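Beneath this line is the structure, given in structure tokens, with notes to follow.
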Amino acid sequence: MDLSLSGSSPLPIYRQLFDQLCSQILDGRLKSGDALPPIRTVARELSISVIPVKRAWEELEAAGFIESFVGRGCFIAPMGTDKLQKLKQAMAADKLSDAAAYCRGLGLSREEAAALLRDAWDSTEP
Amino acid sequence: MALLDVRELEKRYPTFTLDKVSFSLEPGYIMGFIGRNGAGKTTTMKAMLNLIHRDGGQVYINGRSFFENERACKEEIGFVMGEFDCYKNATLQKITDVTRRFYPDWDEQAYESYLSRFALEEGKKIKELSAGMRVKYALALALSHNAKLLILDEPTSGLDPVSRDDLLDVFRSVIEDGSRSILFSTHIISDLEKCADYITYIKGGKVLSSTDVISFREGYRLVSGDREHLEVRRPKLIGCKEHAFGFTGLIRAQDAGAFAACKIAPADLESIMIYTEQEDGHETASL
């Protein structure tokens, strides 16, 4: 698990934690059944208060990314390929809608924006 | 059950009233107690601990009434008031020898481990310690009699940023096992951002807000806009600063709808405090 917080980010700390864990679960760095460290340990390690960590964990649980068991702690939830795919699409759609709004704001057409996405896709091919 | 429960605490002075101050703190958390000089922070702490006579209210420590079980409750509390500067010429060893006699639960092993962790030398005199070391020594004493609740009045004032950060690290590790809590007063907003779970904000002897940091911050928004947007909305502004090109002000989150024509941004703790303290109209009156 990798976490790094930025004081200059406009996002609140709990949101930064949530986003970072989400993407690590979606790209497979964190796998179903992996244990998350205790909330209080995370807070101390990151030099932040307990509440934002607690809030991030609660939201991850509500979104179905993690499961918590009293006395045992929190674990990455089991996820079938279907659920994983759906979560990935939801995260990508979220990012792309910002990009689409930006293109629209610049006065580009739907086709121009789609072409730009295709170019961007090709240019990031490894 | 709350580790600390303060209910409707009252103290009346001829020119100042502590007005039914209530808040509570669960075990395992840090609460920042904020407000301007003279808002009643120290008075609250003293009245809570029966160091000054109170005119009303109750305080419960772990469910027990503090005023009816004062001695037993005090064993569970570590209290550091302002600067720890009594007996400047005494060595730490001497002060510890006196202190440990008061506490049946004194834990010598814990004491020694805190001394080494805080790099405190028993042979040193109080006057030879820096401000940061004095606070750490006071904390070592409190933690060695197994205090569950630490009440600290401005523990970070007078510390340089590095010692302050170091002390906040100590705070976080003190509460890490979930059984202890810390109530500390401060003016330093970055202290709150780095370690407070809950905030109790007192103004003119009254508690304005007592809630977790996220809800506290999300209860407000910063707005900025043109002057033409200002006049009709002024009653909804908690505080505001006007300049030649427009205004910036603080509103309650639920009033955001009325400011749709303005720029709205999340509020930071410092702005919340600065604008709230203008509420009585000093700033606007001068314009």
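Please treat every number below as a calculation from the coordinates, not as lab data. Quantities reported herein were computed from a predicted structural model and do not represent experimental measurements. Note that each Cβ is placed from the backbone with ideal geometry, even for glycine, and that neighbours are counted across all protein chains shown.
Restricted to region B:183-192, and to residues that are of a type outside the set (D, E, K, R) and within 11 Å of another protein chain (Cβ to nearest Cβ), which residue is surrounded by the most Cβ atoms within 10 Å (Cβ to Cβ)?
The selected residue is B:Leu192.
Out of all the residues in region B:142-165, which are away from chain A (no Cβ under 11 Å), over 10 Å from the mean Cα position of the chain (by Cα) and of a type outside the set (Gly, Ala, Ser)? Answer for region B:142-165, where residues must be away from chain A (no Cβ under 11 Å), over 10 Å from the mean Cα position of the chain (by Cα) and of a type outside the set (Gly, Ala, Ser): B:Leu143, B:His145, B:Asn146, B:Lys148, B:Leu149, B:Leu150, B:Thr156, B:Leu159, B:Asp160, B:Pro161, B:Val162, B:Arg164. Per the listing A:Gly64, A:Gly73, A:Gly107, the residue uniquely exposed (fewer than 12 other Cβ atoms within 10 Å of the Cβ) and either among the aromatic types (Phe, Trp, Tyr) or at positive phi (or both) is A:Gly107. Taking the stated definitions as given, is A:Pro12 more than 12 Å from the chain's Cα centre (by Cα), surrounded by 12 or more Cβ atoms within 10 Å (Cβ to Cβ), within 26 Å of B:Arg180 (Cα to Cα) and touching a residue at least 40 places away in the same chain (Cβ under 8 Å)? No; evaluated as a whole, the condition is false for this residue. Of the strands (runs of 3 or more DSSP E) lying entirely inside region B:182-287, the ones with 2 or more residues being among the small types (Gly, Ala, Ser) and either in contact with a Ser or Thr (Cβ under 8 Å, 6 or more places away or on another chain) or within 30 Å of B:Met31 (Cβ to Cβ) (or both) are found at B:206-212, B:246-252.
Considering (1) within 14 Å of chain A (Cβ to nearest Cβ); (2) crowded, with 16+ Cβ neighbours inside 10 Å; (3) closer than 22 Å to B:Ile274 by Cα; (4) without any contact (Cβ under 8 Å) to a residue 12 or more places away in the chain, the lone condition that B:Val213 does not fulfil carries the number (4).
Each row is one residue, and each column tells you yes or no for (1) within 14 Å of chain A (Cβ to nearest Cβ); (2) farther than 22 Å from B:Gly35 by Cβ.
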{"position": "B:Lys203", "(1), (2)": "no, no"}
{"position": "B:Val207", "(1), (2)": "no, no"}
{"position": "B:Arg217", "(1), (2)": "yes, no"}
{"position": "B:Arg233", "(1), (2)": "no, yes"}
{"position": "B:Gly239", "(1), (2)": "no, no"}
{"position": "B:Ala256", "(1), (2)": "no, yes"}
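Within region B:149-170, if we keep just the residues that are surrounded by fewer than 19 Cβ atoms within 10 Å (Cβ to Cβ) and polar (S, T, N, Q), the residue that is farthest from B:Tyr137 (Cα to Cα) turns out to be B:Ser157. Of all the listed residues (B:Ala131, B:Ala90), the sole one being touching a helix residue (DSSP H, G or I) at 6+ places or on another chain (Cβ under 8 Å) and under 22 Å from B:Ser157 (Cβ atoms) is B:Ala131.
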